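J.: The following block contains the structure, expressed as structure tokens.
None of the figures in this text is laboratory data; all of them are computed from the coordinates on show. Here the structure is a predicted model, which means the values were calculated and not measured. Please note: Cβ atoms are built from the backbone with ideal geometry, for glycine as well, and neighbour counts cover all protein chains shown.
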Amino acid sequence: MKNIFDPLIIGDKSFSSHLMLGTGKYKTSQDALKSIKASECEIVTVAIRRLPTDVKQDNISFLKSLNWEKLWLLPNTAGSQTAEDAIRMAFLGHELACQIGQEDNFFVKLEVISDPKYLLPDPIGTLKAAEFLVKKGFTVLPYINADPMLALHLEDLGCATVMPLGSPIGSGQGLNNLANLQIIIENANIPVIIDAGIGTPSEATMAMELGADGVLLNTAVAQAKKSRTNGFSNEIRCSIRSIGIFSWSNEKKVLCYS
């Protein structure tokens with residue numbers, strides 16, 4: 001098992017937190033802001049398609065309320081059904097990063113999803129878009145099925161991480177394909193971030209115990225009951241920090257001392 005106290009290195013950036021949070025599906029902007037703060041994450045992902053091209057004109061999202069001196073923006077290409085669409089979203093994402101003062105931010109969470117029913121990532125489109133974006137200097141974090149061979153191909157192309165799903169987006173079904181996830185982790189020379197399907201702090205802990213370098217969460221936190229939203233972020237953070245020291249579960253009361 002990897003040392004969770006080591007920094008998470010993605011491209012040329014170093015992060016102390018191994019938890020990433022999505023910014024969609026929250027009931028209110030305040031819930032989102034409080035959850036991000038409670039989690040102490042350093043990377044937040046934002047769907048470019050849902051934002052105006054000019055942050056100054058953004059009166060809908062809470063993007064302007066976040067402290068971008070402490071957070072790193074991970075633009076994502078959610079909603080892209082083709083490689084070409086995802087590539088266009090990636091360039092828009094960089095423009096957005098520049099607007100918040102992160103001119104050197106070429107990160108992109110690459111999502112190519114042509115399946116509207118199950119929202120499973122398209123491996124061919126992902127490979128095509130990843131190859132183009134890597135050549136253009138982007139730090140590419142591709143969202144993929146738990147496919148060990150695809151993960152190796154993306155690493156060979158120069159992707160900075162691979163982000164295999166634990167189970168389908170928003171399902172909260174946990175880690176449904178442990179064997180393939182383990183193979184991906186054992187063979188990867190780049191960080192492996194488990195993305196999608198994690199529904200409880202104990203499942204986040206399981207992903208890290210499996211050897212993953214980090215987890216990305218959204219629905220589990222955003223759709224938690226209002227009284228538990230911030231607490232859930234805190235439990236996730238504590239669970240990840242405590243691997244190898246304590247055993248946590250979402251059924252127990254969690255105390256965390258930072």
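J.: From the C-alpha coordinates alone, can you work out the Kirkwood hydrodynamic radius of segment 31-144, in Å?
T.: Numbers: mean 1/r = 0.0690 Å⁻¹.
Kirkwood radius, segment 31-144: 14.5 Å.
J.: Relative contact order of segment 65-147: what whole-number percent is it, with Cα pairs under 8 angstrom and at least 6 residues apart?
T.: Working: 132 pairs, mean separation 24.6, N = 83.
Over segment 65-147, the number comes to 30 percent.
J.: For Lys13 and Glu95, compute 0.36 nm times the residue count separating them, minus their Cα-Cα distance, and round to one decimal in nm. All intermediate terms of the calculation are to be shown ahead of the outcome.
T.: Numbers: separation 82, 0.36 × 82 = 29.52 nm, distance 1.89 nm.
Length difference between fully extended and current span is 27.6 nm.
J.: Points 7 angstrom from Cα along the Cβ direction at Lys136 and Glu103: gap in nanometres?
T.: 2.0 nm
J.: Could you sort the peptides 27-35, 190-198, 77-85 by per-residue average Cβ neighbour count (10 Å cutoff), highest mean leading?
T.: On the way: 27-35: 16.6, 190-198: 24.8, 77-85: 19.1.
Ranked by mean Cβ neighbours within 10 Å, highest first: 190-198, 77-85, 27-35.
J.: Also, quick follow-up: So how much slack lies between Lys117 and Asp156, counting 0.36 nm per residue of separation and subtracting their Cα-Cα distance, in nm? Before the final figure, lay out each step's value.
T.: Values: separation 39, 0.36 × 39 = 14.04 nm, distance 3.02 nm.
Going from the current span to full extension adds 11.0 nm.
J.: How many nm is it between the label spots at Lys25 and Asp6, if each spot is 7 Å from the Cα in line with the beta carbon?
T.: Roughly 3.1 nm, to one decimal.
J.: Another question, if that's okay. Using 0.36 nm times the number of residues separating Gln81 and Gln173, minus their current alpha carbon distance, what extension gain do you get? Walk me through the numbers before you get to the answer.
T.: On the way: separation 92, 0.36 × 92 = 33.12 nm, distance 2.41 nm.
My answer for the length gained is 30.7 nm.
J.: Next question, about the same structure. Exceeding 31 Å between C-alpha atoms, which entries from my cross-link table qualify? They are Lys13/Lys37; Lys37/Lys128; Lys34/Lys135.
T.: Numbers: Lys13/Lys37 21 Å; Lys37/Lys128 36 Å; Lys34/Lys135 37 Å.
Check vs 31 Å cut-off fails for Lys37/Lys128; Lys34/Lys135.
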